[in-house]
Amino acid sequence: MSAPEVPYDRHYRESEAACGPPFVELVTFAEAHLKPGDTVLDLGCGQGRDALVYARLGARVHGVDVSAVGIEQLQAAATAEALSLTTEVADLVDYRPSGRFDVVILDRVLHMLPDDDTRRRVLHLAMACTGSGGHVLVADEPKHRELIRGALLAGSWQLVKDTRNRTFARKPGAGSPAG
């Protein structure tokens with residue numbers, strides 16, 4: 001039995017880079033802070049534009065997306081480059097990761113969710129599975145900036161990048177493997 005069709009499946013089939021290149025800020029963060037072996041969870045990874053960058057730098061990446069097409073394309077790209085990463089087809093609303101991660105990425109994911117309560121739940125999920133001293137990297141629409149900032153600040157996270165469309169934060173705790 002195949003996975004049900006989701007809206008992005010058609011979009012991904014039409015282009016190998018349907019969402020464009022990775023955002024410069026996410027790449028710059030990885031180049032400056034990531035160490036080989038750091039663990040990265042890419043929530044809503046799509047075709048893997050961020051997951052591939054982080055895997056190329058030696059991170060142990062786990063990508064999750066609702067689109068089986070996007071996951072298949074990510075796996076094919078990783079195989080073509082001999083990169084090792086794991087993937088999973090799952091709806092983030094119901095997803096429960098195992099373990100803790102040094103970096104959790106939410107790249108243009110929150111605005112796809114149906115309402116602010118769901119956005120908060122997924123953001124809190126990302127925060128909960130980030131290890132002590134780790135980072136959550138969020139790229140989203142400006143209209144969700146206060147929701148994102150509010151959740152992070154309420155948890156005593158340190159904002160390390162806070163612009164109109166990007167909020168990167170460090171979880172309180174011991175020194176971070178990623179920065």
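Taken together, the values in this text are just the output of simple stated rules run on the coordinates, not laboratory data. Since the structure is predicted, the reported quantities are computational estimates derived from the model, not experimental observations. Cβ placement follows ideal geometry from the backbone for every residue including glycine, while neighbour counts extend to all protein chains displayed.
At-a-glance table
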{"read-out": "Å³ per residue enclosed by the Cα convex hull of the stretch 51-179", "value": "103"}
{"read-out": "Separation of the Leu147 and Glu14 label points, Cα + 7 Å toward Cβ, nm", "value": "2.5"}
{"read-out": "Binned Cα-Cα distance frequencies in the stretch 20-119 - 10 Å width, integer %", "value": "16, 51, 30, 3"}
{"read-out": "Ellipticity estimate at 222 nm from DSSP helix runs (n ≥ 4, -39,500 (n - 2.57)) divided over the chain, nearest 500", "value": "-10500 deg cm²/dmol"}
{"read-out": "Approximate spin-label separation Arg96-Leu159, in nm, with each point projected 7 Å along Cα-to-Cβ", "value": "3.3"}
{"read-out": "Residue (of His62, Gly99, Leu110) at the positive-pole extreme of the chain, dipole from beta-carbon charges", "value": "Gly99"}
{"read-out": "Gained length - Thr86 relative to Val24, 0.36 nm times residue gap less alpha-carbon distance", "value": "20.0 nm"}
{"read-out": "Point-to-point label distance, Arg121-Ala32, nm (Cα→Cβ direction, 7 Å offset)", "value": "3.5"}
{"read-out": "Qualifying aspartates and glutamates (Cα of each under 13 Å from Cα of Lys171; at least 8 residues distant if same chain)", "value": "Asp102"}
